[in-house]
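Could you have a look at this structure, given as structure tokens, before my questions?
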């Protein structure tokens with residue numbers, strides 16, 4: 001089974017998770033870049049509004065060919081209880097038909113990942129993808145080492161779930 005990890009990361013936490021997943025799962029990895037300036041307080045505020053409205057944005061790469069992959073992980077931070085504009089844009093541009101997908105999110109604040117996961121599930125399912133699992137990680141006040149350790153724990157749990165049929 002060939003696996004791909006696609007992610008967008010604003011502050012770097014989702015990137016750390018994605019790289020840890022890629023290393024342990026021996027998966028290919030593609031980071032999506034949002035070409036809109038999202039740095040600074042005002043731009044971060046506008047970014048949350050863009051996420052809430054599900055605004056599209058210019059991204060690089062502009063789309064990803066999923067043809068060779070059986071399992072695709074999609075990772076995004078949660079902004080305003082929504083996926084980021086970069087990931088929403090990417091989902092709309094890719095062919096998900098027949099693909100198994102695992103979703104993951106990072107969150108800086110307490111709250112629920114459910115709205116973000118539900119929206120990702122909805123968008124990918126509408127395009128023929130099948131969500132097989134999802135998980136999230138609260139990253140506020142966590143060091144990169146903490147994020148790596150937490151991600152490794154998630155990987156162990158996922159592997160046990162997938163192979164035990166739980």
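Let me confirm something: among 124, 147, which residue is in a helix (DSSP H, G or I), surrounded by 14 or more Cβ atoms within 10 Å (Cβ to Cβ), at pLDDT 95 or above and touching a strand residue (DSSP E or B) at 6+ places or on another chain (Cβ under 8 Å)?
Of 124, 147, the one residue that is in a helix (DSSP H, G or I), surrounded by 14 or more Cβ atoms within 10 Å (Cβ to Cβ), at pLDDT 95 or above and touching a strand residue (DSSP E or B) at 6+ places or on another chain (Cβ under 8 Å) is 124.
Among the residues of the stretch 60-77, write down those that are touching a strand residue (DSSP E or B) at 6+ places or on another chain (Cβ under 9 Å) and without any contact (Cβ under 8 Å) to a residue 40 or more places away in the chain.
Let us first name the residues in the stretch 60-77 that are touching a strand residue (DSSP E or B) at 6+ places or on another chain (Cβ under 9 Å), namely 60-61, 64, 66, 68-77.
Within the stretch 60-77, 60, 61 meet the criteria.
The values are calculated or read from the model by the stated rules, or taken from the named source; none is laboratory data. The structure presented is a predicted model; accordingly, all values stated were derived computationally and were not measured. Positions of Cβ are backbone-derived with ideal geometry, glycine not excepted, and every protein chain shown enters the neighbour counts.
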